[in-house]
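**Q** Here's a structure for you.
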Amino acid sequence: MDIGDVASRSGLPASTLRYYEERGLIRSTGRHGLRRLFDPNVLERLALIALGRNAGFSLDEIAGMFTADGRPQIDREQLFAKADELDRNIKQLVAMRDGLRHAANCPAPSHLECPKFQRLLRAAANKPVKRRTKLTAKLQ
């Protein structure tokens, strides 16, 4: 398959395929003129890469999930750790959603007069933006 076929079947632009090849995530099998050629199994590998990206793994982490000969070798502990991280993010997002809904529906004349919104402001002022687990817990 040439790079155009892979791009149309995978939904990825050719530039992404070239970048993945530079990073060692996929390998071309040769060229036909100036066009890279790939084995058809590259589509399965691209699907695994997409799954990893959607789960929040970095390209470096994903690259480490393949053996030298290209077969997947995924550390189950790494999967558990990522699942735990996703659980924390989900809790944080749910709490943030609930806080936003409360602020939108709060009967106080101003958000600044809402006790729950005040707790949110105090928590936000005392915590870096990245760490919102405790912040969002204070909203509930």
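**Q** On the basis of being surrounded by 11 or more Cβ atoms within 10 Å (Cβ to Cβ) and either out of contact with any Cys (no Cβ under 7 Å at 6 or more places or on another chain) or under 30 Å from Ala123 (Cα atoms) (or both), does Ala68 make the cut?
**A** Judged against the criteria, Ala68 is not a match.
**Q** A further question on this structure: Just to verify a result, which residue in the range 107-133, among those that are of a type outside the set (D, E, K, R) and either outside any helix (DSSP H, G or I) or touching a strand residue (DSSP E or B) at 6+ places or on another chain (Cβ under 6 Å) (or both), is modelled with the lowest pLDDT?
**A** Val129
**Q** Scan the range 13-29 residue by residue and report those that are touching a residue at least 12 places away in the same chain (Cβ under 8 Å) and either assigned to a helix (DSSP H, G or I) or more than 13 Å from Arg45 (Cα to Cα) (or both).
**A** Leu17, Arg18, Tyr20, Glu21, Arg23, listed by residue number.
**Q** Which condition number in (1) in the same structural domain as Ala123 (by TED's automatic domain parsing); (2) of a type in the set (A, V, I, L, M); (3) modelled with pLDDT of 95 or more is the one that Ile49 fails?
**A** Failed condition: (1).
**Q** Sticking with this structure for a sec: How many residues does the range 30-41 contain that are part of a loop (DSSP other than H, G, I, E, B) and not polar (S, T, N, Q)?
**A** First pass over the range 30-41, keeping only residues part of a loop (DSSP other than H, G, I, E, B): 33-34, 38-41.
Adding the requirement that they be not polar (S, T, N, Q) leaves 33-34, 38-40.
So the count comes out to 5.
**Q** Between a first residue in the range 97-123 that is β-branched (Val, Ile, Thr) and a second residue that is in a helix (DSSP H, G or I), which pairs have beta carbons less than 7 Å apart while being 6 or more apart in sequence or on different chains?
**A** Taking only residues 6 or more apart or on different chains, not a single pair turns up.
**Q** Would you check which residues across the range 42-62 are in contact (Cβ under 8 Å) with a residue 12 or more places away in the chain and assigned to a loop (DSSP other than H, G, I, E, B) and list them?
**A** Hits for the range 42-62 are Ala55, Gly56, Phe57.
**Q** OK, next. Would the range 73-81 turn up any residue that is touching a residue at least 40 places away in the same chain (Cβ under 8 Å) and in a helix (DSSP H, G or I)?
**A** Checked the range 73-81: no residue is touching a residue at least 40 places away in the same chain (Cβ under 8 Å) and in a helix (DSSP H, G or I).
**Q** Just checking, which of Ile62, Ile3 is surrounded by 14 or more Cβ atoms within 10 Å (Cβ to Cβ), touching a Phe, Trp or Tyr at 6+ places or on another chain (Cβ under 9 Å) and either more than 30 Å from Asp87 (Cα to Cα) or hydrophobic (A, V, I, L, M, F, W, C) (or both)?
**A** Result of the check over Ile62, Ile3: Ile3.
The values are calculated or read from the model by the stated rules, or taken from the named source; none is laboratory data. Predicted model, so just to flag it, every value in this text is computed and none were measured. Counting neighbours? That spans all protein chains shown, and the Cβs are built from the backbone with ideal geometry, glycine included.
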